[in-house]
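Here is the structure we will look at, set down as structure tokens.
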Amino acid sequence: MIKITTVVENTATKARFRAEHGLSMFIEKDGEAVLFDTGQTDALIHNAKLLGIDLSKIDKVILSHGHYDHVGGLKYLLEFTKPKVYAHPEIFRKRYSHLSDDRNLRYIGIEDREFFEKKGAEFILSEEPIEVIDGVFTTGFEKMRTDFEEVDKNFVYEKDGEYVKDEVEDDMSVVIKTRHGLFVLFGCAHRGIINIMLDAEEKFKDKVFGFLGGTHLGPASENQRKKTIETLKKMDLRVMGPSHCTGLLMTSRMYCEFGDRVIFNNVGTVTIIE
Ligand SMILES: [Fe+2]
Ligand SMILES: [Fe+2]
């Protein structure tokens, strides 16, 4: 049995939980566990305690990419545990977002590698898929394949003293092998949910039957949203849990298209795969 508990998300239905712009999901399988992303703040700690997750026992963390809303909770987690941290080698880029209303740049990256290592994190950086616990893998580098998915145009990073377009090459997702096929967890899916699922199908030689996580369809172009929905219809997934940077409007639109196959994945949601 695989159990996925959403610990941090943009919304929370029960008042005692904290909601924030961020994402974190806790994956449990056959007595092993791994935390995927850490949200933006110590909401991770607050919510994990309410959900009965023993933070001191978390010895593995996967980071989806180097944005503050997925890595911000790590420094708080390191007060409880010294885990292995799986990520892509480009996760520490100094990255920024253009604000739509002016030309200023906003820092949206994370702290340095040394900052986390001093607090006890042990990084395992790889572009290749890694099996982190039995049957639970990182995707490694996600190749772009579709012609309608693109990385957010507002992202740049500092390279040799200049700002260059950030294609978020460090974006990684989680693939869980199950008897029903592959189940995918996205951080922000900056490289496109269809790209990521096709990449997973090629790497892991099986069909994707469902996903949970950030789709970044909220800020995406209307063309990308429309074609993503068209492609999802062809893929005929059984479970879709769009979250975080999907936004409530786009999640509602997906519910109208796919009905009960869409679940509202927010803080405290538990997904069981038998
Ligand atoms: Fe995000
Ligand atoms: Fe992001």
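The values are calculated or read from the model by the stated rules, or taken from the named source; none is laboratory data. On a predicted model such as this, the values are computed, not experimentally measured, just so you know. Every residue, glycine among them, receives a Cβ derived from its backbone with ideal geometry; neighbour counts consider all protein chains shown. Protein only, heavy atoms only, side chains kept; ligands, DNA and RNA dropped before computing areas. Shrake-Rupley method; radii C 1.70, N 1.55, O 1.52, S 1.80 Å.
Which residues, counting only those in the stretch 233-247, are away from ligand 1 (no atom under 11 Å from the Cβ) and either among the acidic types (Asp, Glu) or on the phi > 0 side of the Ramachandran plot (or both)? Outline the logic, then answer.
Filtering the stretch 233-247 down to residues away from ligand 1 (no atom under 11 Å from the Cβ) leaves 233-242, 247.
Once the filter is applied, which keeps residues that are away from ligand 1 (no atom under 11 Å from the Cβ) and either among the acidic types (Asp, Glu) or on the phi > 0 side of the Ramachandran plot (or both), the stretch 233-247 yields 236, 247.
Condition test on residue 274, is it over 16 Å from residue 192 (Cα atoms) and open to solvent by 10 Å² or more (accessible area, probe 1.4 Å)? Yes: the conditions hold for residue 274.
With the requirement that a residue be closer than 23 Å to residue 27 by Cα and surrounded by fewer than 18 Cβ atoms within 10 Å (Cβ to Cβ), what does the stretch 219-246 give you?
Just the residues of the stretch 219-246 that are closer than 23 Å to residue 27 by Cα, to begin with: 237-246.
Residue satisfying the conditions is 238 alone.
More than 16 Å from ligand 2 (Cβ to nearest atom) and among the small types (Gly, Ala, Ser) - does that describe any residue in the stretch 160-171?
In the first step, residues of the stretch 160-171 are kept if they are more than 16 Å from ligand 2 (Cβ to nearest atom); the result is 160-164.
Cutting the leftovers down to among the small types (Gly, Ala, Ser) gives us 161.
The answer is yes, given that some residue of the stretch 160-171 is more than 16 Å from ligand 2 (Cβ to nearest atom) and among the small types (Gly, Ala, Ser).
Checking 26, 36 one by one, the residue that is within 16 Å of ligand 2 (Cβ to nearest atom), closer than 25 Å to residue 134 by Cβ and out of contact with any Asp or Glu (no Cβ under 9 Å at 6 or more places or on another chain) is 36 and no other.
Tell me which residues, restricted to the stretch 22-49, are open to solvent by 10 Å² or more (accessible area, probe 1.4 Å) and either touching a residue at least 60 places away in the same chain (Cβ under 8 Å) or within 16 Å of ligand 1 (Cβ to nearest atom) (or both).
Filtering the stretch 22-49 down to residues open to solvent by 10 Å² or more (accessible area, probe 1.4 Å) leaves 26, 28-33, 40-42, 45-46, 49.
29, 30, 32, 33, 40, 41 - these are the residues of the stretch 22-49 that are open to solvent by 10 Å² or more (accessible area, probe 1.4 Å) and either touching a residue at least 60 places away in the same chain (Cβ under 8 Å) or within 16 Å of ligand 1 (Cβ to nearest atom) (or both).
Going by the conditions given, is residue 131 open to solvent by 70 Å² or more (accessible area, probe 1.4 Å), under 23 Å from residue 25 (Cβ atoms) and at pLDDT 95 or above? Answer is yes for this residue. Filtered by the rule that a residue be part of a loop (DSSP other than H, G, I, E, B) and either crowded, with 24+ Cβ neighbours inside 10 Å or among the β-branched types (Val, Ile, Thr) (or both), the stretch 50-67 gives 53, 58, 63, 64, 65, 66, 67. Residue check: residue 115 meets all listed conditions (1) within 16 Å of ligand 1 (Cβ to nearest atom); (2) at pLDDT 95 or above; (3) open to solvent by 10 Å² or more (accessible area, probe 1.4 Å); (4) of a type outside the set (Lys, Arg) but one, namely (1).
For residue 254, are the conditions met, namely being closer than 22 Å to residue 69 by Cβ, more than 16 Å from ligand 2 (Cβ to nearest atom) and either surrounded by fewer than 21 Cβ atoms within 10 Å (Cβ to Cβ) or in contact (Cβ under 8 Å) with a residue 12 or more places away in the chain (or both)?
Numbers: closer than 22 Å to residue 69 by Cβ: yes; more than 16 Å from ligand 2 (Cβ to nearest atom): yes; either surrounded by fewer than 21 Cβ atoms within 10 Å (Cβ to Cβ) or in contact (Cβ under 8 Å) with a residue 12 or more places away in the chain (or both): yes.
The answer is yes for residue 254.
Note on the stretch 164-178: residues that are outside any loop (DSSP other than H, G, I, E, B), open to solvent by 10 Å² or more (accessible area, probe 1.4 Å) and in contact (Cβ under 8 Å) with a residue 40 or more places away in the chain total 2.
Consider the stretch 179-199 and keep the residues that are within 16 Å of ligand 2 (Cβ to nearest atom) and in a strand (DSSP E or B). The one that is nearest to residue 244 (Cα to Cα) is 186. The residue that is nearest to residue 263 (Cα to Cα), among those in the stretch 11-35 that are under 13 Å from the mean Cα position of the chain (by Cα) and assigned to a loop (DSSP other than H, G, I, E, B), is 23.
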